[in-house]
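Engineer: Shown below is the structure under consideration.
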Amino acid sequence: MEYVLIFISAIFVNNIVLSQFLGICPFLGVSKKVETSLGMGMAVAFVLVVSTLVTYLVQNYILVPMHIEYLQTIAFILVIASFVQMVEIVLKKASPALYQALGIFLPLITTNCAVLGVAILVIQKKFTLVESLVYAFSTALGFALALILFAGIREQLALVKIPKGMRGMPIVLITAGLLSLAFMGFSGVDLGLRHLFGLK
């Protein structure tokens, strides 16, 4: 049941983009079309889960035993950047079609603060390895959901006559704010479920 709560909480209640405001750059930059948003969401899901696994192992088996936890942020950035580069090289050789399909998404993930944010959050929340992976996957789904919803809204906005002063980034930011407010409606769902099932 704990895993289900982590899953629901990460997607809806504490959405990485709309509640915690991490990963805003790709959220605003890649959300012009639903198709590209879907590709970005899939790429982020893969990188997020594997990089969380690697950074969790680095934290618990290298940084903590050597008492160098203060190097956590630098170590995690290096691990994530190296991993994304490695994935890019492997995809280029093994599956050129998939590499072309992902295109600019892979380099964008390197600078996506949501990936680093999740790696640090699982350490702060003192999750086990399995809980960390569930949280990372759920967060990636939440990121993809927010991105796809926002892209759908932006595609509809392109068909609507918008006042001149509101065109471009102003209407995009207002829409993002309204979407964030909509997700605030889920706040307390995880606490309600915990109470319902008698969990702490």
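Engineer: Condition first: under 11 Å from residue 48 (Cβ atoms), of a type outside the set (Gly, Ala, Ser) and within 10 Å of the chain's Cα centre (by Cα). Now tell me which residues in the stretch 127-165 satisfy that.
Structural biologist: 137, 139, 141, 143 - these are the residues of the stretch 127-165 that are under 11 Å from residue 48 (Cβ atoms), of a type outside the set (Gly, Ala, Ser) and within 10 Å of the chain's Cα centre (by Cα).
Engineer: Within the stretch 70-91, track down each residue that is touching a residue at least 24 places away in the same chain (Cβ under 8 Å) and surrounded by 13 or more Cβ atoms within 10 Å (Cβ to Cβ). If you could, list the steps in order and put the result at the bottom.
Structural biologist: Residues of the stretch 70-91 that are touching a residue at least 24 places away in the same chain (Cβ under 8 Å), as a first pass: 72-73, 76-77, 79-81, 83-85, 87.
Selection gives 72, 76, 77, 79, 80, 81, 83, 84, 85, 87.
Engineer: Moving on. I'm trying to understand the selection: among the residues of the stretch 7-17, which are open to solvent by 10 Å² or more (accessible area, probe 1.4 Å) and either modelled with pLDDT under 80 or in contact with a Ser or Thr (Cβ under 7 Å, 6 or more places away or on another chain) (or both)?
Structural biologist: Keep residues of the stretch 7-17 that are open to solvent by 10 Å² or more (accessible area, probe 1.4 Å), which gives 7-9, 11-14.
Of everything in the stretch 7-17, those that are open to solvent by 10 Å² or more (accessible area, probe 1.4 Å) and either modelled with pLDDT under 80 or in contact with a Ser or Thr (Cβ under 7 Å, 6 or more places away or on another chain) (or both) turn out to be 7, 11, 13.
Yes/no per residue for (1) free of Cβ contacts under 8 Å to residues at least 40 places away in the same chain; (2) in a loop (DSSP other than H, G, I, E, B); (3) touching a Leu at 6+ places or on another chain (Cβ under 7 Å); (4) not hydrophobic (A, V, I, L, M, F, W, C):
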residue: 38; (1), (2), (3), (4): no, no, no, no
residue: 48; (1), (2), (3), (4): no, no, no, no
residue: 56; (1), (2), (3), (4): no, no, yes, yes
residue: 67; (1), (2), (3), (4): yes, yes, no, yes
residue: 93; (1), (2), (3), (4): yes, no, no, yes
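Engineer: Within the stretch 23-32, work out how many residues are open to solvent by 40 Å² or more (accessible area, probe 1.4 Å) and not in a helix (DSSP H, G or I).
Structural biologist: Selection size over the stretch 23-32: 1.
Engineer: Looking at 71, 18 in this structure, which one is of a type outside the set (Ser, Thr, Tyr) and part of a loop (DSSP other than H, G, I, E, B)? Break it down into steps so the answer makes sense when it comes.
Structural biologist: Values: 71 fails: part of a loop (DSSP other than H, G, I, E, B).
Testing whether each residue is of a type outside the set (Ser, Thr, Tyr) and part of a loop (DSSP other than H, G, I, E, B) leaves just 18.
The values are calculated or read from the model by the stated rules, or taken from the named source; none is laboratory data. On a predicted model such as this, the values are computed, not experimentally measured, just so you know. Using ideal geometry, Cβ is built from the backbone for each residue, glycine included, and neighbour counts are taken over all protein chains shown. These accessible areas exclude ligands, DNA and RNA; they are computed on the full protein's heavy atoms, side chains included. Shrake-Rupley method; radii C 1.70, N 1.55, O 1.52, S 1.80 Å.
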